[in-house]
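Please read the structure below before turning to the comments.
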Amino acid sequence: MIAAHHRAGIDRLTPREKIARSLAMFDWTRGFVARQIVAERGAMGPEQLRWEVALRLYGAEPGARRIIERQLAKVRGDVSD
């Protein structure tokens, strides 16, 4: 019954509202992951944190992992461009 009520509420949303809801959930997820990373490893600059979040979210895909790790190395100063 709760699921049906929830579904009915979602069905009443306009496409714009559905997209806004999805974006809000995605932002919440990125923020949650960022807080986990900071709790585990300590404070870091915003650019590094952004790439660390990306690594956690997309690092299972080899192509994405290579790109993200290359950017992280630049941000950390491990390599020059």
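The values are calculated or read from the model by the stated rules, or taken from the named source; none is laboratory data. From a predicted model like this one, the values you see are computed outputs, not experimental measurements. Ideal geometry is used to build each Cβ from the backbone, glycine not excepted, and the neighbour counts take in all protein chains shown.
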Checklist entry - What tally of residues in region 53-67 results from selecting those that are assigned to a helix (DSSP H, G or I) and either loosely packed, with under 12 Cβ neighbours inside 10 Å or aliphatic (A, V, I, L, M) (or both)? => result 9
Checklist entry - So, in region 11-37, of the ones that are of a type in the set (A, V, I, L, M) and surrounded by 11 or more Cβ atoms within 10 Å (Cβ to Cβ), which residue ends up farthest from the chain's Cα centre (by Cα)? => result L13
Checklist entry - If you scan region 43-81, which residues turn out to be more than 14 Å from V33 (Cβ to Cβ) and of a type in the set (V, I, T)? => result I67, V75, V79
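Here's the yes/no breakdown for (1) among the hydrophobic types (A, V, I, L, M, F, W, C); (2) part of a helix (DSSP H, G or I); (3) modelled with pLDDT of 95 or more; (4) touching a helix residue (DSSP H, G or I) at 6+ places or on another chain (Cβ under 8 Å):
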| residue | (1), (2), (3), (4) |
| --- | --- |
| I19 | yes, yes, yes, no |
| S22 | no, yes, yes, no |
| W28 | yes, yes, yes, no |
| A34 | yes, yes, yes, yes |
| E47 | no, yes, yes, yes |
| W51 | yes, yes, yes, yes |
| A73 | yes, yes, yes, no |
